[in-house]
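Visitor: Dumping the structure here so I can ask a few things about it.
The values are calculated or read from the model by the stated rules, or taken from the named source; none is laboratory data. Computed from a predicted model, the values in this text were never measured in an experiment. Glycine gets a Cβ as well: all are built from the backbone with ideal geometry, and neighbour counts include every protein chain shown. Only protein heavy atoms, including side chains, enter the accessible area calculation; ligands, DNA and RNA are left aside. Shrake-Rupley method; radii C 1.70, N 1.55, O 1.52, S 1.80 Å.
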Amino acid sequence: VLRFIPDRSGEIIDVGANDGLSAISVRVFNQTNPIISFEPNKFHEGKLKWLSNRLENFSYEMIGVGKKTCETKLYTPVYKGYALTACAALLADDAKDLEGRGMFVGNFDEQHLELEPQKVKIIRLDDLKLNPILVKIDIEGGELAALQGMQETLKLSRPVLIVESHQKKSA
């Protein structure tokens, strides 16, 4: 889908940047438009800072995107000392449900699971008055809230959307 990025001015928005892999992938197909990545999880700040010094026209914000501007908690599951950052969630129960996400096949031992909470800021993308040509959203179940917080931006800019949908696996 990245081959279909419109050839016009505007930003490329990466909501749920994680460690910046999407931004790197976008640069393969688009060398010029600014990329702005949004990632609230402090576990990724070092990698995003490193990437900002190496990737042309790239910036990041250590904040989340949602329906309304607020402060909340983000829970990162830590299993046997290893942070499972791809499973971080705004709801503790979602962050703990690693089996429901297909992370383990019968060998999960909940006594080795801890949740690392962190206070995070959430913003509405509409408040930034951006003109995106592409918006990628992957935020572990918060995709609808992010879209609700950027309705005006979507109407005005009509960007290409890449939205990952998270569904729990049934037993």
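Visitor: Residues in region 60-71: is at least one modelled with pLDDT of 95 or more, closer than 19 Å to residue 123 by Cβ, in contact with a helix residue (DSSP H, G or I) (Cβ under 6 Å, 6 or more places away or on another chain) and aromatic (Phe, Trp, Tyr)?
Guide: Yes; the residues of region 60-71 include at least one that is modelled with pLDDT of 95 or more, closer than 19 Å to residue 123 by Cβ, in contact with a helix residue (DSSP H, G or I) (Cβ under 6 Å, 6 or more places away or on another chain) and aromatic (Phe, Trp, Tyr).
Visitor: Are there any pairs with C-beta distances below 7 angstrom linking a residue in region 1-18 that is farther than 18 Å from residue 37 by Cβ to a residue that is open to solvent by 90 Å² or more (accessible area, probe 1.4 Å), with the two at least 6 apart or on different chains, and if so which?
Guide: 3/29
Visitor: I would also like to ask the following. Just one of (1) over 16 Å from the mean Cα position of the chain (by Cα); (2) in contact (Cβ under 8 Å) with a residue 24 or more places away in the chain trips up residue 52, so point out which.
Guide: For residue 52, the failing item is (2).
Visitor: Applying the selection to region 31-49, what residues are touching a residue at least 60 places away in the same chain (Cβ under 8 Å) and more than 16 Å from the chain's Cα centre (by Cα)?
Guide: 33
Visitor: Could you tell me which residue of region 112-149 is modelled with the lowest pLDDT, considering only residues that are closer than 23 Å to residue 19 by Cβ, open to solvent by less than 70 Å² (accessible area, probe 1.4 Å) and among the acidic types (Asp, Glu)?
Guide: It comes out as 140.
Visitor: I'd like the full set of residues that are among the hydroxyl-bearing types (Ser, Thr, Tyr), over 18 Å from the mean Cα position of the chain (by Cα) and open to solvent by 30 Å² or more (accessible area, probe 1.4 Å), limited to region 72-111.
Guide: The one that is among the hydroxyl-bearing types (Ser, Thr, Tyr), over 18 Å from the mean Cα position of the chain (by Cα) and open to solvent by 30 Å² or more (accessible area, probe 1.4 Å): 82.
Visitor: Another question, then. Within region 72-109, how many residues turn out to be more than 19 Å from residue 142 (Cβ to Cβ) and of a type in the set (Val, Ile, Thr)?
Guide: Qualifying residue count for the region: 2.
Visitor: Taking strands (runs of 3 or more DSSP E) that do not extend beyond region 1-71, which have at least 1 residues that are open to solvent by 50 Å² or more (accessible area, probe 1.4 Å)?
Guide: Hits in region 1-71: 58-61.
Visitor: So which residues in region 92-117 are within 15 Å of residue 41 (Cα to Cα) and in contact (Cβ under 8 Å) with a residue 40 or more places away in the chain, if there are any at all?
Guide: Hits for region 92-117 are 115, 116, 117.
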